[in-house]
Number of protein chains: 4
Amino acid sequence: MDDVSPTKWHLAHTTWFFDIFILKPLGKQVASPLFSRLFNSYYNAVGSQHPRGKRGFLSRPRLEEIYDYRNRVDDLILESEIEIHSSTELTRLFELGIQHEEQHQELMLMDIKHVLGTNPLYPRYGAPPWGEQKEDASSNPTGKQSNQEKWQRFDELNLQIGSNFESFAFDNEGPQHNRFIPSFKLYPMLVSNDNYLDFIRDGGYDNHRLWLSEGWSWVRLNEIDSPLYWQREHRDAEWQEYTLNGNAPLDLSAPVAHISYFEADAFATWAGARLPSEFELERAFQSNAKGDSEANPGTMLEQQQGFRWQWTQSSYQPYPGFRATPDAVGEYNGKFMVNQYVLKGSSTLTPPQHSRATYRNFFPTHSRWVMNGLRLAQD
Amino acid sequence: MDDVSPTKWHLAHTTWFFDIFILKPLGKQVASPLFSRLFNSYYNAVGSQHPRGKRGFLSRPRLEEIYDYRNRVDDLILESEIEIHSSTELTRLFELGIQHEEQHQELMLMDIKHVLGTNPLYPRYGAPPWGEQKEDASSNPTGKQSNQEKWQRFDELNLQIGSNFESFAFDNEGPQHNRFIPSFKLYPMLVSNDNYLDFIRDGGYDNHRLWLSEGWSWVRLNEIDSPLYWQREHRDAEWQEYTLNGNAPLDLSAPVAHISYFEADAFATWAGARLPSEFELERAFQSNAKGDSEANPGTMLEQQQGFRWQWTQSSYQPYPGFRATPDAVGEYNGKFMVNQYVLKGSSTLTPPQHSRATYRNFFPTHSRWVMNGLRLAQD
Amino acid sequence: MDDVSPTKWHLAHTTWFFDIFILKPLGKQVASPLFSRLFNSYYNAVGSQHPRGKRGFLSRPRLEEIYDYRNRVDDLILESEIEIHSSTELTRLFELGIQHEEQHQELMLMDIKHVLGTNPLYPRYGAPPWGEQKEDASSNPTGKQSNQEKWQRFDELNLQIGSNFESFAFDNEGPQHNRFIPSFKLYPMLVSNDNYLDFIRDGGYDNHRLWLSEGWSWVRLNEIDSPLYWQREHRDAEWQEYTLNGNAPLDLSAPVAHISYFEADAFATWAGARLPSEFELERAFQSNAKGDSEANPGTMLEQQQGFRWQWTQSSYQPYPGFRATPDAVGEYNGKFMVNQYVLKGSSTLTPPQHSRATYRNFFPTHSRWVMNGLRLAQD
Amino acid sequence: MDDVSPTKWHLAHTTWFFDIFILKPLGKQVASPLFSRLFNSYYNAVGSQHPRGKRGFLSRPRLEEIYDYRNRVDDLILESEIEIHSSTELTRLFELGIQHEEQHQELMLMDIKHVLGTNPLYPRYGAPPWGEQKEDASSNPTGKQSNQEKWQRFDELNLQIGSNFESFAFDNEGPQHNRFIPSFKLYPMLVSNDNYLDFIRDGGYDNHRLWLSEGWSWVRLNEIDSPLYWQREHRDAEWQEYTLNGNAPLDLSAPVAHISYFEADAFATWAGARLPSEFELERAFQSNAKGDSEANPGTMLEQQQGFRWQWTQSSYQPYPGFRATPDAVGEYNGKFMVNQYVLKGSSTLTPPQHSRATYRNFFPTHSRWVMNGLRLAQD
């Protein structure tokens, strides 16, 4: 799968970021031009890149060489502490490098899961320190959606959206700006495997009326009939799901995971609902955070952040007044603002501190190796 | 080109619409099931379709048979006048059928232009009755952008966006709803061929920094170095452009046409501007229509509608509260609301009456056979 | 289908051949460089070509213009009779031009059949003057293969293979050379639709053991389960076959047609036989022609030439001593001598005079729009 | 590259062969069904296979597990020595397993070379025990072709071709049969890098007249302008070639390596020669082996076997009377007998004992990761 990179590539690339954007300006670059080229992901401004799809072929440099590279860069960064802190620019880049590495901590787990989860032996990897399965605890016993009363209602209002950058945020989370948000409702729980099974049993994958036109072609062409890591021996067998803890019977109460935008949208249509906008989710996360009074008493959103990346119907666009920084790091987010959709809320694979209400994750509509699910919205 | 259909297919398909959605309910369907299948475009709900890419192979039915079909359906529609008017539903479908045929009048011209414009003989077709070249008259003499003073400024405000359906509009133009629009500026003229030549001469197609990541791959893969219908004998020759009037030296003062979203975005970046949102253009069209006082005196938008479909940075999404009609016609617009971008303003290929401020045209980012151009925006 | 060209293209291309290879050297070329480029098929030496796959888009020049081109070239050829006959080279090219046009008479019928036969309306074209269905007369009543006695046996011998060019032959039919041919047996009849149905009913398309590895991938990828022009309403319906006379119930006694090399090979394996070599068929045609005594009494090959192009296991290679003529016409055959297989015997779509024992037709293994079938061989 | 498998896959697959075809019949199979499925290459008859292109993703089982598998199978094979020798069938399969492993010893080196040779770091692997570079010794000092006198001439004769199976040979090397071979000439040396450079400098890759039609498309589509492992900094820089000993300046006197059939054929055409047939090479190897008197005195073929796999113009077809064994092992060779070409003579990557005059290697025309070169022939 072209999106998947080998673990050792992630290890080298995250260190390469510090090497190029901090040590290089300090005249302390460690990597050779060639080495550097291998581990550049998409920064055209810093030289040509090794084709992404070919990363899997890089049997060299060996893992030891990459750990050695990491150690040398780490040492030089520590030695350079004063120089870095004495420069706001280098400090900004240092913080960015750490956030960048946290992103790759999740990408690594996604990639490892894909490599192991498509291996017929379904080898166990083991949940990350912060636990892949922790959502089960807080998930409702049946996973079944109950009556409309349970929907949480939000009244229309004008709201400040995005980050004011008082604490760290990526450039794409700002500028903070005013947005009018019409009233809407959200379902308190994420869609569960049990809910999703109902969709499948009801012929959801065979009913073109539920699908976006492009989604219907995608389903047909790729013969999709379940989320990415579900499999069963035969049509009447029980569903199994691969998790980093290995293959196991489908956990009905867990939120559904690893579905494309097309599947999320088709499920929502089937359920008589729709996907929320990125602003509706950001607003809900905020008001729930402050235990906002205007949220109707009795219901509060559960499974907000740290469970599944929640697909939104919002195309990934720049906020009003957004400017990409002119340097190479400026390629960081702005250049991807087309044909991708925003996901909110982070997942059980996300490092816990790497989550906030203004965070905007983004992927193309067919992406399924992301740990993505959905929450239903209604007008 | 898979997007292109033969003229006779358009002739049959637009009539098929009346046959299936009006005559059929009246028990007067003309087309056989097979015939009907051939000329169904994407209405899954009314039976399987003939693959779009294979339409070009339909040497039968012959053109005469299709004209015969059109005549028979037209006669039956006229005969059915009372029945149709006595039903609001049929009246709605009748009006929709006419609007649908107007859309195909433009599609037919787009397709004819593509077939002739990619034929090395560059045969002349002749401009449509309403004239492909009429924009030249009102275009500025040089086409050069002049100083910043010329930009037209719009202050932030809350605005009713979309149609209230008092006059005809497609379902995707509503519901009308309130939207907060931050202040912005628009350039009064569309980007001209002369402007676009400057972009090319400045190495625009070779400078990755100007392009969205996906756009850069698209340019490289397809070896794009100019708008669709531009050609020149050799690198030092003058540019020629194919129009329905045949091949001719590039008209520098005419608005640039037939560029992808990627090219429009790259040009805007190069020009230190951005693409407008669909709301900014709708708002500008409205206020200019009423000669809105808040528009700073001296400048008014020129080349508003009827010149080039203007790419916007707005992904094609449902408006708040949008509901697709449950019947087959409901497939009309809703199912395409993903991975496409909104274009506003209509083109010289658009039937004049088929244009309004709320109109939302939409195409994927790589579409170039549409007569699309762009207008620059700034914060 | 990229292999298929529009009829008018064939009409212009066959005339273009005379224009370029005879009139041009005489200083009488009719076609403009551009016109000429459009109708050049694969002669790189005479300038670049219009992409084959795009021929279908050539709505211009119009049919009338092409007939006009044909008439003007014909007239000039007639006027040039003396000059042509006074040059052995021009005479050779003139004869080649006629043979080339005969080839395209069959290609035209193949292409028309593909266009009409893949049109859901299955329009009737009408058999060529020399009759598509004439084989039925001479085909055996049941089409069933009878007992082994019926096989015709040929003893090993050294034979002169290929043409001595006393009468016209393409360059690839020579040089005539000696070849040792081990003993072999041929089945007197071509494989019939009835025989082929047995193969299908026996699960031939689902049994990987019968297929070449590449053939098995081809069947799976393209979901092939019958010859090209066979269709049936549902799994239990009777098979229909499209012929130029329209769609009709499968004629069990007719030889099977429009199958790939892979299908021919799999059928032969299933039948406990193999495909013949091109030399075995050439030898059989020769000895049957002379009513050769060594053929065991009682059986003679039926359906030899003029029924179906018969796949052979012989890859299309140059004969020992073959030299492509150095000029543009030299591209005629030699450059295709790779990854194609020889077919012998001509078909009911072949102009009758365009058939001889030494004739070597050739197509890639997946080609099915050729009117090809097979005859079984054994050691 | 889909043809390339990871080293550990080869290690497991060659052992899997012994496990399935010898231990399993003895009731001693080691591998689990799943494990077995992973390491089945193309034996449809023994269950479904893991997709070839996805082998690279198999991060599990780990290398240690595979070595463990090899040890357990080796031990069981040794324990079973008597049972194996007491069965001619098992003895045949045992010998086949060893030959099969020798084939994979070369495939492993080919794959390793491709993985390292396409890595921008060009890591050194080190020549195999039997030496990748040993040909240089015996290669002529200049590599230039000298005058025609040097060609070795062979008179026409009838010859026994193929193996009589007195010593081991693969099924595709028989049955031994009589073949008439017209007279021909062979160039004593393989084509050298120096010769091939002349072809490049003479514009060989830009001259369509030299190429087979399919080859010309292949060159254009893949932008090929040199053998697989050649690279240079810029158009005026010296050529480098990657060998298992790392990247080094091109050795002019070494035989050219890693070229497709298309390139070999185009070179031969450029040199006014042709590719030999498989029979011509087998005959030459035989007669030179016996120092055959009829070879004209003074010249003998050099660089016969063990240097480069030599492309022949012979399509890979069954010999007269060839029968694939009915069991799973029968899939070994027969099913590949289409659209591939025979290579003779073995290479410096071939285990020395795995080479003989009757050996028939085969690959598709585009294969370049094979260590293939060519020897010129003439009539």
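Read-outs throughout are calculated quantities, based only on the coordinates presented, and are distinct from any laboratory measurement. Quick caveat, the model's predicted, so the values are computed rather than measured. Glycine gets a Cβ as well: all are built from the backbone with ideal geometry, and neighbour counts include every protein chain shown.
Tabulated data
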read-out: Straight-distance crosslink candidates among aspartates and glutamates, where the alpha carbon sits under 13 Å from residue D:150 and sequence neighbours closer than 8 are dropped; value: D:302
read-out: Nearest-0.05 FRET efficiency for residue B:353 and residue B:78, computed from C-beta distance (R0 22 Å); value: 0.55
read-out: The protein assembly as shown - Debye-derived log10 I(q)/I(0), Cα point model, q = 0.05 Å⁻¹; value: -0.49
read-out: Normalised contact order of segment B:7-117, rounded percent, pairs of Cα under 8 Å and 6 or more residues apart; value: 36
read-out: Other copies of residue B:165: label-to-label distances in nm, shortest first, labels 7 Å along the beta-carbon direction; value: 4.5, 8.0, 8.1
read-out: Of A:24/A:344; A:8/D:28; A:113/D:28; C:24/C:335; B:54/B:344; A:113/A:185, pairs whose Cα-Cα distance is over 27 Å; value: A:24/A:344; A:8/D:28; A:113/D:28; B:54/B:344; A:113/A:185
read-out: Span-rule helices in chain D, defined as complete DSSP H runs reaching 15 Å or more along the axis (Cα) with Kyte mean at least -0.5; value: D:7-18, D:88-117
read-out: Among D:188, D:61, D:227: highest mean-square fluctuation, GNM of chain D, C-alpha pairs under 10 Å; value: D:61
read-out: Bins of 20 Å, starting at 0 and running to the largest distance - Cα pair percent for chain B; value: 26, 56, 17, 0
read-out: Phi to ³J(HN,Hα) by Karplus 6.51 cos²θ - 1.76 cosθ + 1.60 over segment D:118-123, Hz, x for Gly, Pro; value: 9, 8, x, 7, 6, x
read-out: Rough spin-label spacing in nm, given labels placed 7 Å along Cα→Cβ, for residue B:158 and residue C:59; value: 5.1
read-out: Extension reserve of the residue C:166-residue C:24 stretch, reckoned as 0.36 nm per residue once the Cα distance is removed; value: 48.3 nm
read-out: Helical mean residue ellipticity (222 nm; -39500 (n - 2.57) per DSSP H run of 4+; nearest 500) of chain C; value: -9500 deg cm²/dmol
read-out: Estimated dipole of segment A:1-130 in Debye, rounded to 20 [Cβ of Lys and Arg +1, of Asp and Glu -1, Cα centre]; value: 620
read-out: Approximate spin-label separation residue B:178-residue A:124, in nm, with each point projected 7 Å along Cα-to-Cβ; value: 5.7
read-out: Fluctuation leader among B:221, B:93, B:210 - chain B, Gaussian network, Cα springs under 10 angstrom; value: B:221
read-out: Spatial separation of Cα centroids for segment D:335-379 and segment A:1-30, in angstrom; value: 43
read-out: Relative contact order [Cα under 8 Å, 6+ residues apart], chain B, whole percent; value: 20
